[in-house]
1. Any chance segment 51-65 includes a residue that's assigned to a loop (DSSP other than H, G, I, E, B) and either basic (K, R) or in contact with a Pro (Cβ under 8 Å, 6 or more places away or on another chain) (or both)?
2. Taking the stated definitions as given, is G66 more than 19 Å from T321 (Cβ to Cβ) and out of contact with any strand residue (DSSP E or B) (no Cβ under 9 Å at 6 or more places or on another chain)?
3. Report, ordered by the first and then the second residue, all pairs with beta carbons closer than 7 Å, sequence separation of six or more or different chains, a first member in segment 54-67 that is among the β-branched types (V, I, T), and a second member that is surrounded by fewer than 14 Cβ atoms within 10 Å (Cβ to Cβ).
4. Filter segment 243-281 down to the residues that are closer than 17 Å to E227 by Cβ, over 17 Å from the mean Cα position of the chain (by Cα) and hydrophobic (A, V, I, L, M, F, W, C) and list them by number.
5. Taking into account only those residues within segment 347-365 that are surrounded by fewer than 18 Cβ atoms within 10 Å (Cβ to Cβ) and part of a loop (DSSP other than H, G, I, E, B), which is modelled with the lowest pLDDT?
6. Please find, within segment 307-333, the residue that is surrounded by the most Cβ atoms within 10 Å (Cβ to Cβ) out of those that are farther than 10 Å from D355 by Cβ, charged (D, E, K, R) and in contact (Cβ under 8 Å) with a residue 12 or more places away in the chain.
7. Taking the stated definitions as given, is N195 polar (S, T, N, Q), buried (at least 18 other Cβ atoms within 10 Å of the Cβ) and free of Cβ contacts under 8 Å to residues at least 40 places away in the same chain?
Amino acid sequence: MKKSLIALAVLAAAGTASAQSSVTLFGIVDATIQRVNNSNGPSVTRLTNSGYNSSRLGFRGTEDLGGGMSASFWLEAGLTNDDGTGAASNVNNQGVASTASAVRPGTQGLTFNRRSTVSLAGGWGEVRLGRDYTPQFWNLTVFDPFGTNGAGTTQTLNSIITGATAVRASNSVGYFLPGNLGGFYGQYQHYLGENASGAFNSNDGTGDGFRVGWANGPINVAVAMSETNNHPAAGTEAKIKQNNVGAQWDFGVAQLMGQYSWDSVGSTDGRGGLIGALFPIGAGQIRLAYSEYKIEPGGGLADPTAKKWALGYVHNLSKRTAVYVTYANLKNSNGSAASAAPGAAGAPGINAKSDAWDLGIRHSF
């Protein structure tokens, strides 16, 4: 009898422990057949990845600490599943030239480049440490009908001038507001460049960003601002500033989206915007967007400008599997040489046209 009671107590304790903590394996595998045509430059047909959602492999876990508090971790690696290699990471929020180890190429295997964080959370919000999205990136992806993936990606990201911290920052400490503030949300992030003291660029890669927004019913609107230290050479300073505002209105038959960006690196400015929509149709969704980005160097120079239209359709075969097609057409002017699909075939040539097709399948688990 005593042994039976002890066994029952052990099982009950084990059940309680498992209820208080969990670990999840998750991921996305997205493969895309892509054709890029440049009117004055190279063209290419290739198998690539992440045309609808970014391919990834991740592990996340949460432990209930009691009293409304929890601890969690999140390790997420980008996948280039078309060739089986890992994705690149950046260790100090600066360009390749800053230090020999600034960028890890990723071809040696997985790097947890997408996110690698540990957190404490409670009724007061969440403190998160590690590599994570920057606050200034969120508006670009949330208010883009293509989610900053594939040929349809907004030109406010594809042509952005702000460099290494445009999307993510390493060595960061972030704070997120709790989710019970009547629709208000926000975050603050401080990230470190971790350069040795004494050099002219000792503080480079160190910066701050914040985002505040309000989502209630069909409306979602947010603004984000950031500043990162940057010294191109001794005696010179060119602070990196990335700022944007975005909004979405869900009418049921369509979701309208818009965003506006104003960025700068020293005396060079970048200005851009997007207007787009999502149209649900049965098991599918039509995606439409127009975006543009202009670089304003000043000094009487022309302002290179890239303008892009994108149209796409996603058909959901199940909750986890979808097929999709996207077409994007980009026009350059005033000295711009942007591509509809950066990295696919090189620059299309100054003031040239570029278009791209994506045809792919996405499976999540």
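1. No - not one qualifying residue is present in segment 51-65.
2. So G66 fits the description; yes.
3. Matching pairs, first to second residue: T62/S22.
4. W262, V265
5. Going through the qualifying residues, I end up with A347.
6. Looking at the filtered set, the residue picked out is K307.
7. Against the criterion (polar (S, T, N, Q), buried (at least 18 other Cβ atoms within 10 Å of the Cβ) and free of Cβ contacts under 8 Å to residues at least 40 places away in the same chain), N195 does not qualify.
Rundown of residues vs (1) outside any strand (DSSP E or B); (2) in contact with a His (Cβ under 9 Å, 6 or more places away or on another chain); (3) not polar (S, T, N, Q), yes/no style:
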{"site": "G182", "(1), (2), (3)": "yes, no, yes"}
{"site": "Y188", "(1), (2), (3)": "no, no, yes"}
{"site": "G193", "(1), (2), (3)": "yes, no, yes"}
{"site": "A196", "(1), (2), (3)": "yes, no, yes"}
{"site": "D204", "(1), (2), (3)": "yes, yes, yes"}
{"site": "G246", "(1), (2), (3)": "no, no, yes"}
{"site": "G252", "(1), (2), (3)": "yes, no, yes"}
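The values are calculated or read from the model by the stated rules, or taken from the named source; none is laboratory data. Predicted, not measured: the structure shown is a model, and the values here were computed from it. When we count neighbours, we look across all protein chains shown, and the Cβ atoms used for this are built from the backbone with ideal geometry, even at glycine.
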